[in-house]
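Structure first, then comments.
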Amino acid sequence: MNESNNPESSEIIKHQDVHVITFKDKTIYLVGTAHISKQSKDLVQQIIQEIKPDTVCVELDHRRYRAISQKDRWENLDIKRIIRNKELPTLIANLILSAYQKKLGERLGVTPGLELVAAVKGAEEMGCHVELCDRDVRITLLRAWRLTPFFKKAKLIGGLAGSLFEDAEIDEKKLEEMKRSDVISELMGELGETLPEMKIVLIDERDRYLAEKIRRAPGAKIVAVVGAGHVSGIINALNSNQPVDMEEISKIPDPSPVWKVAGWGIPAAIIAALVFTAWSKGAGIAGDSISYWVLANGLACAVGAAVALAHPLTIASAFAAAPITSLTPVIGAGYVTAFVQAMVAPPLVKEIQSAGTDINSVKGWWNNRLLKVFLAFILPSIGSVVGTWMGGLRIFSNLF
């Protein structure tokens, strides 16, 4: 068979980033890419044109595909719905990861994820079936958060925040290394050294998830386009031929029992202490405890909103909401303040579009209305926690 009719003899198949795997009646061409590399985009386009596969599998879920392929995607962002559904932390984490990747992509002069979009478009032009094979990004982020032990969550937040303001010089050698890797996997790999739970969810589980989706893809010839950081894990999963429990790794774990106990136990203990104080020491001391509780919670939360330079109505809502929300785990004060901020100062489309850039500077957080909604969630939440501890200590000190 001559070279033009035999893909296996083609030079493109011998490329170091292309791995040919035979699985039963399928031939899988696994292409490892860097999400910030133009060379990866060119390689993906070439292999799809040459192989003419039955199916092209891409390391994207539907949300991420819309996020990087639709230029007007931000016009449809309903920030109030996101807050109501308590998805704001997930949106913040996702934007931080996207901003990290975008920042590196700008240094290399290429749009992050361009090769994944090129794979989908190339497949559609060739009339190939397209499979978006990655797990829903919300499930991935929520599993990572829920499975990270309580006392390690601060490390996770610190690692993500540190990636925003990291501005170290990148020499030519480092640039070349980045072109050869999946930079988000690289970032998560660094976090994984101190947070192994993160690596399991963000890398290992997704390796198995992607491998199973690729294995199930229809057709005899499959081209799979994934980040370079996933290649070895996918190959191992495919070669092991072990079934993957997709339902198990697609579930959002229940919150830790510690959170449930704290969420209901602390408010119950505070209310019980107030009732017992009124019974044993009189209404005057109980009233003093209640007043201190209101002031401690309200002022601490309002200070958080003020530091965020939130709207005056947001600051007022922080003072009013915190003493009440601190006594129930159903809703936090931060969700109330974020919703009010989004109502009275809704982000403009251009501000939402620039959030991925503004998020990398301290000034940008306070100037961009979308990021200010984030601040109006984060800082009052911190203030509410501080106020709860201050108020709780006063209540129990009056009791004893």
Which numbered condition I249 misses (of (1) out of contact with any Phe, Trp or Tyr (no Cβ under 7 Å at 6 or more places or on another chain); (2) more than 20 Å from G391 (Cα to Cα)): (1)
Residues being closer than 18 Å to Y292 by Cα and of a type in the set (S, T, N, Q) - total across segment 303-316: 0
Sole exception among (1) surrounded by fewer than 21 Cβ atoms within 10 Å (Cβ to Cβ); (2) in a loop (DSSP other than H, G, I, E, B) for A310, by number: (1)
Residue check, E197 in contact with a helix residue (DSSP H, G or I) (Cβ under 8 Å, 6 or more places away or on another chain), assigned to a helix (DSSP H, G or I) and surrounded by fewer than 19 Cβ atoms within 10 Å (Cβ to Cβ): yes
Which numbered condition K153 fails, given (1) among the charged types (D, E, K, R); (2) surrounded by fewer than 18 Cβ atoms within 10 Å (Cβ to Cβ); (3) modelled with pLDDT under 60: (3)
Matching entry among G383, G356 (being under 28 Å from A269 (Cα atoms) and assigned by TED's automatic domain parsing to the domain that holds C301): G383
Test set (1) assigned by TED's automatic domain parsing to the domain that holds T27; (2) surrounded by 14 or more Cβ atoms within 10 Å (Cβ to Cβ); (3) in a helix (DSSP H, G or I) - I290 fails condition number: (1)
Where L132 falls short, out of the listed (1) modelled with pLDDT of 85 or more; (2) on the phi > 0 side of the Ramachandran plot: (2)
In segment 1-47, the residues that are modelled with pLDDT of 65 or more, small (G, A, S) and not in a loop (DSSP other than H, G, I, E, B): G32, S40
Test: residue in segment 265-287 that is in a loop (DSSP other than H, G, I, E, B), surrounded by fewer than 17 Cβ atoms within 10 Å (Cβ to Cβ), touching a residue at least 12 places away in the same chain (Cβ under 8 Å) and not β-branched (V, I, T): no
Unique residue being over 28 Å from the mean Cα position of the chain (by Cα) and crowded, with 18+ Cβ neighbours inside 10 Å when the list is F339, F319, F377, F396: F319
Residues that are surrounded by fewer than 20 Cβ atoms within 10 Å (Cβ to Cβ) and in contact (Cβ under 8 Å) with a residue 24 or more places away in the chain, drawn from segment 121-130: M126, H129, V130
Selection count, segment 211-249, where residues are over 15 Å from H19 (Cα atoms) and either assigned to a helix (DSSP H, G or I) or not β-branched (V, I, T) (or both): 16
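The values are calculated or read from the model by the stated rules, or taken from the named source; none is laboratory data. These numbers were taken from a predicted model, which means no experiment stands behind them. In this analysis, Cβ positions are derived from the backbone assuming ideal geometry, glycine residues included, and neighbour counts consider all displayed protein chains.
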